[in-house]
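K.L.:
Just passing along the structure, written as structure tokens.
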Amino acid sequence: MSPTPTPVPGHGLLAGKVVVVTAAAGTGIGFATAERCAEEGAVVVVSDAHERRLSEAADRLGDRFGTRPLAVACNVTVEEEVQALYRAAVAEHGRLDVAVNNAGLGGTVSLVEMTDDQWQAVLEVTLTGTMRCTRAALRIMYDQGQGVVVNNASVLGWRAQAGQAHYAAAKAGVMALTRCAAAEAASKGVRVNAVSPSLALHPFLNRAISDEELEKLRQRELFGRSAETWEVANVVVFLASDYSSYMSGEVVSVSSQHP
């Protein structure tokens, strides 16, 4: 197994930009993204459906960076809450430069045993929730004439994995949504891209995938380890920054996975 690298320091890639990150509570990709954006100089707004964990995440960011970020509870399955999130960000900071749509719901169940409710729950959060957040952000960014959306997809949008039909279908939908939104947004000065992680390990992942299955997935990675969440966040930062100014409609794999 390759050793885990040391996080790189910030270089001001998002200096002064207002960035909204959904599903930013806890220890997953969302919090790592909020943290990396702050390290790169962004003014961060964090959101999550879980109010207590969201408050704790905002406190952690405040302790580290000296200013507690605006934290807005938002369930992405509720349109009114999505609208309220982006209104709050603009009311607080005057604009919206970057929207990172990270909210998703997983689970493992075979297709023949999957209920309609299980299917619908995953698609409602992972695909329709991402659509709602993308739509809300684009409405603001179109009026501004600039902005960047970064969606969180998954390599399962390309690759098959048993027990993941609902999640894989939702993430494939996120990829298609990203490309179509980018085609519409280009003339408005707005870019839309997505990251597609393979395996980024954090405690909440065990709720969806067993330890045994996680170990199998780790062995498929060329480095013999999962990605650190900040390694995925680094790619989000790149797509959010002006360094990717010619990229839109792209889905960038964050993976070392081999067949």
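The values are calculated or read from the model by the stated rules, or taken from the named source; none is laboratory data. Everything numeric in this text was worked out from a predicted model, so none of it was measured. All Cβ positions, glycine included, derive from the backbone under ideal geometry; neighbour counts span all protein chains shown.
K.L.:
Kindly check whether there is at least one residue in segment 116-130 that is at pLDDT 95 or above, under 27 Å from S244 (Cα atoms) and touching a Leu at 6+ places or on another chain (Cβ under 6 Å).
P.N.:
yes
One line per residue, one yes/no per condition, for (1) over 18 Å from E79 (Cβ atoms); (2) of a type in the set (D, E, K, R); (3) assigned to a strand (DSSP E or B):
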residue: Q120; (1), (2), (3): no, no, no
residue: M131; (1), (2), (3): no, no, no
residue: D143; (1), (2), (3): yes, yes, no
residue: A176; (1), (2), (3): yes, no, no
residue: N193; (1), (2), (3): yes, no, yes
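K.L.:
Residue by residue through segment 97-113, note down the ones that are in a loop (DSSP other than H, G, I, E, B), surrounded by 14 or more Cβ atoms within 10 Å (Cβ to Cβ) and in contact with a Gly (Cβ under 9 Å, 6 or more places away or on another chain).
P.N.:
D97, N102, A103, G104, L105, G107, T108, V109
K.L.:
Ok, one more. For a quick check of your reading of the model, give me the residue pairs whose first member lies in segment 146-168 and is without any contact (Cβ under 8 Å) to a residue 24 or more places away in the chain and buried (at least 19 other Cβ atoms within 10 Å of the Cβ), whose second is among the hydroxyl-bearing types (S, T, Y) and not in a strand (DSSP E or B), with beta-carbon atoms closer than 8 Å and at least 6 apart or on different chains.
P.N.:
L156/Y167; A168/S154
K.L.:
Out of E81, E35, E39, E92, report the one residue that is among the acidic types (D, E), more than 20 Å from V232 (Cα to Cα) and crowded, with 16+ Cβ neighbours inside 10 Å.
P.N.:
Answer to the selection: E81.
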